[in-house]
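*Asks:* Structure in structure tokens, see below.
What follows draws every value from the coordinates through simple rules; no lab data is involved. Predicted model, so just to flag it, every value in this text is computed and none were measured. Positions of Cβ are generated from backbone atoms using ideal geometry, with glycine treated the same way; all protein chains shown enter the neighbour counts.
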Amino acid sequence: MKKSNYAITMISLTLIIALGLGSCCSPKQQNIQKEVFGTLSTGETVDLYTLTSTTGMKVKIMTFGGALVAIETPDKNDSSTNVILGFDNLSDYENNRVFFGALIGRYGNRIAKGKFTLDNVDYQLVTNDGENHLHGGEKGFDRVVWQATPIENAEAPALKLSYLSPDGEQGYPGNLNVTVTYTLKGNDLHLDYEATTDKATPINLTNHSFYNLAGEGTILDHELTINAAAYTPVDSTLIPTGEIVAVEETPFDFNTPTAVGARIDSVEGGYDHNYVLNTGEGLQLAAKLKDPKSGRYMELLTTQPGLQFYSGNFLDGTQSCGQRVYNIHTGLCLETQHFPDSPNQPQFPTTILQPGETFQSTTIMRFGVHK
């Protein structure tokens with residue numbers, strides 16, 4: 001009888017320990033961590049989520065602007081560092097609107113003079129880039145606090161962000177429901193965008209991360225490949241002229257790996273141009289970026305028709321993070337998108353979302369190392 005009670009007790013203890021370990025050490029709980037990042041001047045609390053993959057890659061996302069704060073990946077010597085530009089405190093994000101890592105909308109890039117006509121109605125958006133509308137206006141999606149829902153998964157932790165953009169916000173028609181889900185699968189970071197509306201409205205969603213695969217210094221020696229035979233030239237205010245021009249035999253040709261700085265002096269003001277991707281239906285390779293020194297590379301896959309390549313021309317050293325000072329060309333952007341000013345350019349792919357439709361797009365940042 002004593003032996004039987006002892007056996008039952010040991011079984012019970014084993015179950016309790018197993019359940020206890022399961023509740024505190026489960027991979028589902030370990031690979032998503034939440035902390036308070038700070039408080040905005042409006043009094044809103046901003047949370048920071050850290051996703052950790054099965055390979056050890058870490059991605060940090062805050063609810064202000066739905067922004068990527070850090071992407072930590074190893075180099076050829078297995079030394080990890082943050083490969084995107086950002087700040088280490090919330091106040092710098094609030095007071096320096098440089099779009100570091102942020103979600104952009106309703107309309108990424110520019111709309112000429114903030115004007116467009118839709119269904120015989122003229123709309124005037126907020127203008128915040130000279131006479132043009134840029135990245136959603138004065139209060140784009142990068143300036144709002146998104147609602148976050150962590151999705152625990154032992155193999156692929158995810159964070160779903162949601163925002164309701166009300167009818168008339170920054171001049172746009174319709175109540176727009178937007179969700180963006182970040183999913184970390186191994187060394188792949190997936191961004192899945194969805195949106196619905198109750199009135200026809202333009203939409204162009206993207207992420208505005210600044211990449212530096214070395215973690216410091218200039219990106220001029222990074223090797224860039226862009227899968228595009230053409231680009232859209234712009235006027236002096238960076239609005240497309242409407243032309244689609246071949247990149248062959250121009251400084252805009254990155255169809256073979258080319259150092260970012262190899263021909264940048266031939267482009268007035270540096271690169272800030274939309275590329276017409278050679279992509280068909282579904283997810284396709286848009287670009288590849290490699291840092292020869294660290295061995296890190298990133299492949300960018302997307303379902304979108306365009307890619308904005310921006311060489312960090314307006315970084316001027318007034319922003320910094322710790323010892324990292326963000327001077328010109330210390331980061332570059334590769335923004336998957338529709339074309340700029342599409343609501344005024346009928347020859348470009350349409351960006352109008354209709355009621356009853358669902359906007360969907362996917363972009364994947366795939367990181368690796370050449371040893």
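*Asks:* Estimate the FRET efficiency between GLU268 and LYS34 by the formula 1/(1 + (r/R0)^6), using the beta-carbon distance for r and 41 Å for R0, to the nearest 0.05.
*Replies:* Result of the calculation: an efficiency of 0.35.
*Asks:* What ranking do 136-144, 118-126, 203-211 get when scored by the average of other Cβ atoms within 10 Å per residue, highest first?
*Replies:* On the way: 136-144: 21.6, 118-126: 12.7, 203-211: 24.8.
Top of the packing list down: 203-211, 136-144, 118-126.
*Asks:* Using a 10 Å cut-off on Cβ atoms, rank the peptides 185-197, 40-52, 265-277 from the highest mean neighbour count down.
*Replies:* 185-197, 265-277, 40-52
*Asks:* Also: To the nearest 20 Debye, how big is the dipole of segment 56-104 about its Cα centre, given +1 on the beta carbon of each Lys and Arg and -1 on that of each Asp and Glu?
*Replies:* On the way: 4 positive and 6 negative charges, 27 e Å.
Dipole of segment 56-104, to the nearest 20 debye: 140 debye.
*Asks:* For THR55 and ASP92 in one chain, what is 0.36 nm times their gap in residues minus the Cα-Cα distance, to one decimal in nm?
*Replies:* Gain on stretching THR55 to ASP92: 10.2 nm.
*Asks:* For SER162, put the label point 7 Å out on the Cα→Cβ axis and report which residues of segment 177-218 keep their amide N under 14 Å from it.
*Replies:* The answer is 177-181, 194-196.
*Asks:* To the nearest 20 debye, what charge dipole does segment 69-149 have about its Cα centre, counting +1 at the Cβ of each Lys and Arg and -1 at the Cβ of each Asp and Glu?
*Replies:* Computed about the Cα centre, the dipole is about 320 debye.
*Asks:* Tell me what the chain gives for mean residue ellipticity at 222 nm when only DSSP H runs of n ≥ 4 count, each as -39,500 (n - 2.57), the sum divided by the residue total, rounded to 500 deg cm²/dmol.
*Replies:* -3000 deg cm²/dmol
*Asks:* One quarter of the convex hull surface, Cα atoms only: what value does that give for the chain in nm²?
*Replies:* Over all viewing directions, the chain projects a mean Cα-hull area of 23.1 nm².
*Asks:* How much length is gained on full extension from ASN153 to GLU357, taking 0.36 nm per residue of separation minus their Cα-Cα distance?
*Replies:* Length gained, ASN153 through GLU357: 70.5 nm.
*Asks:* Could you size up the charge dipole of segment 232-371 around its Cα centre, putting +1 on the beta carbon of Lys and Arg and -1 on that of Asp and Glu, and report it in debye to the nearest 20?
*Replies:* Its charge dipole is roughly 840 debye.
*Asks:* Between the alpha-carbon centers of segment 280-299 and segment 215-269, tell me the distance in whole angstrom.
*Replies:* 16 Å
*Asks:* So how much slack lies between VAL126 and HIS370, counting 0.36 nm per residue of separation and subtracting their Cα-Cα distance, in nm?
*Replies:* Stretched out fully, the VAL126 to HIS370 stretch lengthens by 83.3 nm.
*Asks:* Okay, next question. Along the charge dipole of the chain, Cβ charges K/R +1 and D/E -1, which of SER342, LEU307, ALA154 sits furthest on the positive end?
*Replies:* The Cα lying farthest towards the positive end belongs to ALA154.
*Asks:* Find how many whole Å separate the alpha carbon centroid of segment 144-198 from the alpha carbon centroid of segment 99-117.
*Replies:* So the two Cα centres are separated by 17 Å.
*Asks:* Suppose R0 equals 30 Å; then what is the FRET efficiency for LEU285 and ALA246 from their Cβ-Cβ distance, rounded to the nearest 0.05?
*Replies:* Given R0 = 30 Å and the Cβ-Cβ separation, E is 0.90.
*Asks:* For the peptides 178-184, 237-243, what is the packing order when you average, over each peptide's residues, the other Cβ atoms within 10 Å and list the highest mean first?
*Replies:* Highest-to-lowest ranking by the protection proxy: 178-184, 237-243.
*Asks:* Further question on the same structure: Would you mind checking the tilt of helix 2-25 against the longest principal axis of the Cα atoms of the chain, expressed as 0 to 90 degrees and rounded to 10?
*Replies:* On a 0 to 90 degree scale, this one is about 10.
*Asks:* May I ask for the equivalent-ellipsoid semi-axes of segment 175-293, computed as the square root of five times each C-alpha gyration tensor eigenvalue and listed largest first in whole Å?
*Replies:* Semi-axis lengths for segment 175-293 are 27, 22, 14 Å.
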